[in-house]
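Contents: one structure, followed by commentary.
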Amino acid sequence: MRDNYGRIISYMRISVTDRCNLRCRYCMPESGIKKLEHSRILSFEDIIAIAEAASDLGINKIRLTGGEPLIRRNITGLVSQLAGLPGIDEVTLTTNGTLFAGMAKDLHLGGLKRVNFSLDSLSAQKYEYITRGGRLEDAWQGILAAMEVGMHPVKINTVIIKGFNDDEILDFADLAYRYPLQIRFIEFMPVGDLLFWDDSKVISIKEVKSVLSEHYNLVPTAQIGNGPAECFRLEGGQGGIGFISPLSNHFCSKCNRIRLTAEGKLRNCLYDYHETDLKAALVKGISREELCQLLAQAISRKPERHHMQAGWGKANNRKMYQIGG
Ligand code: SAM
Ligand code: SF4
């Protein structure tokens, strides 16, 4: 469907859990999070019901996220159910990758088309530091497994943080040169509890580009997938580079997405704290047609743009891992 600003909404990101096996400094508190009662989390039946209604409205692409989606029990079963729904053309996943290697074949057979990995450092020590205990080797094995089963283009999302990994920009580019990987540099955003975020840690994509262009010839390419990245090929290399600059160059006018939290609240934007409680509606036994109407009403309230520059805001009581990154 089209929203009130004429944007075609075709993509839903579904958070399947707010829990995670890592504790990235910019995302989760060290102590972990207060566990939601199982009954408050969307069941697979709930997720399928919402996906069916969403597909009636024209959603044809679903991305599973979290928290860490691969820790949800029988995630492979959910992937194959979603991939089998008429109207859903593509099921994808965003993951830290540490559990991916052992599941790659089954996920692929289940119909997972593509996967985005989050990886903020290529140094084992720094990876362990930023994730508070993760093993770089586990994530790397996941990335290799995705390439092996042929989930191309395999993407890596790298949040660039001044003083932490800005000295690794060329190392990441080198990875994209040597492997058929799409490295996407993302500006550090003020989301979540902001324990780690502050203005001085933000590097604009403009700065990242200027470091890269001293060493590589970046050749603009068509957008890969339907994300917000500006895409480039590395001349002579196997993979490519993407830039996502939510702060310095917002892409709201092209936004095609909605988000579903692990608790079943529909959000139109990471930065819009209005939510529509779909789980509550499902508990009441809402029909597919009524669910469609509720979704359509919610989407009609999608704001024109985010106001990230104004900060996360006190009114915004959710963290990134709760909304689904
Ligand atoms: N656990 C999975 C993972 O790490 O890919 C999926 C959920 S995670 C919340 C999704 C993405 O959000 C990750 O790529 C992470 O780097 C990104 N993210 C979290 N906080 C962020 C921030 N403050 N700025 C930019 N990206 C952020
Ligand atoms: Fe977990 Fe992903 Fe958040 Fe890291 S960014 S703590 S992997 S949910």
Checking SER31 against (1) hydroxyl-bearing (Ser, Thr, Tyr); (2) within 15 Å of ligand 1 (Cβ to nearest atom); (3) assigned to a loop (DSSP other than H, G, I, E, B), the condition it does not meet: (2)
Listed residues ILE50, ILE62; which is within 16 Å of ligand 1 (Cβ to nearest atom) and within 26 Å of ARG301 (Cβ to Cβ)? ILE62
Counted residues, the stretch 166-225 - those being within 15 Å of ligand 1 (Cβ to nearest atom), touching a Cys at 6+ places or on another chain (Cβ under 8 Å) and not in a loop (DSSP other than H, G, I, E, B): 1
Can you tell me which residue within the stretch 104-129, out of those that are assigned to a loop (DSSP other than H, G, I, E, B) and more than 16 Å from ligand 2 (Cβ to nearest atom), is farthest from MET147 (Cα to Cα)? SER123
Among residues belonging to the stretch 55-76 that are in a helix (DSSP H, G or I) and open to solvent by 20 Å² or more (accessible area, probe 1.4 Å), point out the one that is nearest to ligand 2 (Cβ to nearest atom). ILE71
Find all pairs meeting these conditions: Cβ atoms under 6 angstrom apart; at least six residues apart or on different chains; first residue within the stretch 11-28 and within 8 Å of ligand 2 (Cβ to nearest atom) and of a type in the set (D, E, K, R); second residue at pLDDT below 90 and open to solvent by 30 Å² or more (accessible area, probe 1.4 Å). ARG23/GLU30
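The values are calculated or read from the model by the stated rules, or taken from the named source; none is laboratory data. Keep in mind it's a predicted model, so treat the numbers as computed, not measured. Cβ coordinates were reconstructed from backbone atoms using ideal geometry, including for glycine residues, and neighbour counts include every protein chain displayed. These area figures cover heavy atoms from the full protein model, side chains too; ligands, DNA and RNA do not enter into them. Shrake-Rupley method; radii C 1.70, N 1.55, O 1.52, S 1.80 Å.
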